[in-house]
1. Can you give me the number of residues within the stretch 350-374 that are of a type in the set (A, V, I, L, M), open to solvent by 10 Å² or more (accessible area, probe 1.4 Å) and modelled with pLDDT of 90 or more?
2. I'd like to check something: does the stretch 324-332 contain any residue that is part of a helix (DSSP H, G or I), modelled with pLDDT of 85 or more and over 15 Å from residue 423 (Cβ atoms)?
3. Looking at the structure I just gave you, is residue 200 closer than 30 Å to residue 336 by Cβ, among the β-branched types (Val, Ile, Thr), modelled with pLDDT under 95 and surrounded by 22 or more Cβ atoms within 10 Å (Cβ to Cβ)?
4. Which numbered condition trips up residue 412, out of (1) outside the structural domain of residue 358 (by the TED database); (2) under 27 Å from the mean Cα position of the chain (by Cα)?
5. Have a look at 140, 109 and point out the one that is in the same structural domain as residue 189 (by the TED database) and surrounded by fewer than 20 Cβ atoms within 10 Å (Cβ to Cβ).
6. Which ones in the stretch 85-107 are among the charged types (D, E, K, R), in a loop (DSSP other than H, G, I, E, B) and within 13 Å of residue 340 (Cβ to Cβ)?
7. Restrict the check to the stretch 22-37 and report whether at least one residue is at pLDDT below 80, open to solvent by 20 Å² or more (accessible area, probe 1.4 Å) and part of a helix (DSSP H, G or I).
8. Write out, first by first residue and then by second, each pair whose Cβ atoms fall under 8 Å of each other, whose residues are 6+ apart or on separate chains, and whose first residue, in the stretch 385-406, is over 10 Å from residue 7 (Cα atoms) while the second is hydroxyl-bearing (Ser, Thr, Tyr) and at pLDDT 85 or above.
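The values are calculated or read from the model by the stated rules, or taken from the named source; none is laboratory data. Bear in mind that the values here come from a model prediction, so they are computed numbers and not experimental data. Positions of Cβ are generated from backbone atoms using ideal geometry, with glycine treated the same way; all protein chains shown enter the neighbour counts. Each accessible area value is taken on the protein alone, full model and side chains, heavy atoms only, with ligands, DNA and RNA left out. Shrake-Rupley method; radii C 1.70, N 1.55, O 1.52, S 1.80 Å.
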Amino acid sequence: MAFDAILERFVKNSPVSVMARLVLQRAVSAEWMDSLFEAHRKRQYTRELLFSTVVELMSVVAMGLRPSLHAGAKATEGGTSIAALYEKVNRMEPDLVRALVRGSAQRLEPVVQPLRTGEKPWAEGYRVRVIDGNHLPASEKRLKPLREFRGAALPGHSLVVYAPEQGLVVDVVPCEDAHAQERTLVAAVLEHAQQGDLWIADRNFSTTRIVFGLEDRHAAFIIREHGRTPSPTEVGKRKRVGRVETGVVFEQPVQVEDDGGRLLTLRRIELQLDEPTEEGEPLIRLLTNAPKEKLSAEKVACLYRKRWSIEGMFQSLESALHSEVRTLGHPRAALLAFGTAVVAYNILAVIQAAVEAAHPEAKAEGIELSPFFVATEVQATYGGRMIAVGDDVWTAFDEQSPLQLSRTLIRIAQHAQPKRLRKHPRGPKKKTKKGYVSGRTARQHVATARVLASGRIDSTS
């Protein structure tokens, strides 16, 4: 389709911000969000503010376009009531946050899928899901009951399900109680596990209930074995089967038993590391129900190592997006901020996929795009584009199918410059033990300019 003349100028000079607007429109349209609110709300209702308005304001903060929710509200036309806004945010039901993330991811999956064609799957024949918990950091103590408390006030945490092959977060289970064990939230996630899935998790999720829950849903799993649970029994010999980049791989059949006496035979994959982990552990044990014909022991070990991709996603949420709004001390407000940041991350993931699809030569050269620089590009021109391009121009794109939108994104992404958006990874840090020092020593200070001039540290400088 032909672009509006003003839009065409933005496409050529700021393609990332144009893609951001198109993907945002597809992920969380106002009509869809308000219908989502009516379908999932329990006690909340609409009086002054629509759910779509609240999410839009929170998205402005998550993308770094405004420093706070208050600033975002004051900048909107029509003078949004600050009191009504915070009342709505502080009462936002966690189920609504989850529905927002799940629903928006489902709307984006058919758009991102054509952009990822040609990429090698993680595990042939499986739909990979990586699961992990994310605790929100301490918030400011703006709530009256917290003002006299000297320790940290934690607003909550979430269980996150990541689809690494699409680069999307497909599910989030928010929890207001920061001290609640994250494995207690898994039941809600397992409801959506299905045959053909491959779930990868660390040892915090190594429980009999989770193992049998995935097995009952005919889903495969790779879970790092915990020292105490599910306490498998050895039923065969341990055999060396090969080697991977980080160590030697062994395999052994084991059995686990649930409370009802059911027995489940699993494969225990052991990775004898060449170098111990940061915790000093030389051996990693993995439990899997995937058949050997589909996943070899070496493949299982390599897949678990790739689980760390979810840590990169969490890092992007913190560095590229404002997922942790410390001024929002109320648990429900903080969880809404995190959920909205997850939606923003998914939008950036689609943009990144479009740029990679439009510039295959960049990937061949080893250029990896940075979510931080993609977000920065959006922040630089988003406001000006909102003013220059009218809403009527964007509504024309609503009629496009997911495949048509994917092609539109690739066309726009051809104007992007991958080298400007590439990652600049730091080299490996040297591990040095600093040891204990007295409080007096720790509180000393130096003038950096004098240290650089003299080449040594002198506490009197």
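1. 2
2. If we filter the stretch 324-332 for residues that are part of a helix (DSSP H, G or I), which is where we start, we get 331-332.
Now drop any that are not modelled with pLDDT of 85 or more, which leaves 331-332.
Narrowing the set further to residues that are over 15 Å from residue 423 (Cβ atoms) leaves 331-332.
Yes, there is a match, as at least one residue in the stretch 324-332 is part of a helix (DSSP H, G or I), modelled with pLDDT of 85 or more and over 15 Å from residue 423 (Cβ atoms).
3. Numbers: closer than 30 Å to residue 336 by Cβ: yes; among the β-branched types (Val, Ile, Thr): yes; modelled with pLDDT under 95: no; surrounded by 22 or more Cβ atoms within 10 Å (Cβ to Cβ): yes.
Spelling it out, it is not the case that residue 200 is closer than 30 Å to residue 336 by Cβ, among the β-branched types (Val, Ile, Thr), modelled with pLDDT under 95 and surrounded by 22 or more Cβ atoms within 10 Å (Cβ to Cβ).
4. (1)
5. Working: 109 fails: in the same structural domain as residue 189 (by the TED database).
Exactly one of 140, 109 is in the same structural domain as residue 189 (by the TED database) and surrounded by fewer than 20 Cβ atoms within 10 Å (Cβ to Cβ), namely 140.
6. Residues satisfying the conditions do not exist here.
7. No; the residues of the stretch 22-37 include none that is at pLDDT below 80, open to solvent by 20 Å² or more (accessible area, probe 1.4 Å) and part of a helix (DSSP H, G or I).
8. 397/408; 398/29; 400/408
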